[in-house]
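Here's the structure, in structure tokens; my notes come after.
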Amino acid sequence: MSESPTPEPATEPEWWDDPSLPWRHKPTKADLACFSWLGVAGVYGLVMLWLRWTLITLSPAVLASLGSWSGMVMVGAQTAVGNQWWPLILFLGTFGLIKFDWIYWWAGRLWGPNLIEVWSGRSERARRINAWAERFARKYDLAALVVSMIPFVPGRGVVVAVLGEAGTSLRKFLTVSILSSAVVNAGLLWIGFQIGEPAVDAVKQYGNYLLWISGAVLVGTIVMVYRQQQQSRKAAG
């Protein structure tokens, strides 16, 4: 009677073999570098969730230069009451709005649909938005990039990643991105100019409550980060 084969011991999965990571292989130097830059963009976004409420009162020009829609509108309003620095701020804001686009393009080139899957996570709402953005980008290509630049249109990161995956050259991508950003920022500047002094007065009034609002936003950011960490742990477990 032959002996039954001894089962092979289970091997521990590698650290990189994790469904919450965008790659499906041992990461290369390019994978790690791009992932690190995505982390930088994420941290920047969290910091700006709190900081923009301070900058809109103390220095809207800096906020607009970093790519903020509300900051650019405020600069337009200040232009209506005598601020003459708008050409420089418009130039800086054009690049500030798209400062991380090259990272998402690169990530799409490296990981394709896996990146979108990670971004969607367990949220049905995020899955719906990202699925729509992906279909939109695959159908309309660079035209989708232009539309995604419009304020409040969701899924811009997904659109950029899809263009990277689809093989859109970086030069062509950045050219369209820069031109679209310039047009959008000019439009926001014009809206602020049309509103004029009432917007300036409203921000001054808002400054009286700045400390309380900034504190509330900071607490909300901490709670949001904590909940995301808890959801990630549940997904991993």
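Observations
- Among residues of the range 121-168, those that are buried (at least 19 other Cβ atoms within 10 Å of the Cβ) and assigned to a loop (DSSP other than H, G, I, E, B), counted: 3
- Candidates Leu63, Leu49: the one that is among the aliphatic types (A, V, I, L, M), out of contact with any Pro (no Cβ under 7 Å at 6 or more places or on another chain) and at pLDDT 80 or above is Leu63.
- Criterion: among the hydrophobic types (A, V, I, L, M, F, W, C) and at pLDDT 95 or above - qualifying residue of Leu179, Leu210: Leu179
- Pairs with Cβ under 9 Å, 6+ apart, first in the range 30-41 and closer than 14 Å to Arg109 by Cα, second assigned to a helix (DSSP H, G or I) and not aliphatic (A, V, I, L, M): Ala30/Trp106; Asp31/Trp111; Ala33/Trp106; Cys34/Trp106; Cys34/Arg109; Cys34/Trp111; Leu38/Tyr104
- Cβ-Cβ distances below 9 Å connect the following pairs, each with a first residue in the range 137-166 that is among the hydroxyl-bearing types (Ser, Thr, Tyr), a second residue that is at pLDDT below 90, and a separation of six or more residues or different chains: Ser148/Pro154; Ser148/Gly155.
- Per the conditions (1) closer than 30 Å to Pro19 by Cα; (2) in contact with a Ser or Thr (Cβ under 6 Å, 6 or more places away or on another chain); (3) not basic (Lys, Arg), the sole criterion not satisfied by Phe193 is (1).
- Any hit, the range 112-120, residues being part of a helix (DSSP H, G or I), among the polar types (S, T, N, Q) and over 30 Å from Thr28 (Cβ atoms): no
- Among the residues of the range 77-88, those that are among the small types (Gly, Ala, Ser) and over 16 Å from Thr57 (Cβ atoms) comprise Ala80, Gly82.
- Of all residue pairs spaced 6 or more apart or on separate chains, those with beta-carbon atoms under 6 Å, a first member in the range 99-128 that is polar (S, T, N, Q) and a second member that is crowded, with 19+ Cβ neighbours inside 10 Å are Asn114/Pro22; Ser120/Asn130.
- Qualifying residue in the range 80-89 (condition: in contact with a helix residue (DSSP H, G or I) (Cβ under 7 Å, 6 or more places away or on another chain), among the aromatic types (Phe, Trp, Tyr) and buried (at least 18 other Cβ atoms within 10 Å of the Cβ)): yes
The values are calculated or read from the model by the stated rules, or taken from the named source; none is laboratory data. Here the structure is a predicted model, which is why all the values come from computation and not from measurement. Counting neighbours? That spans all protein chains shown, and the Cβs are built from the backbone with ideal geometry, glycine included.
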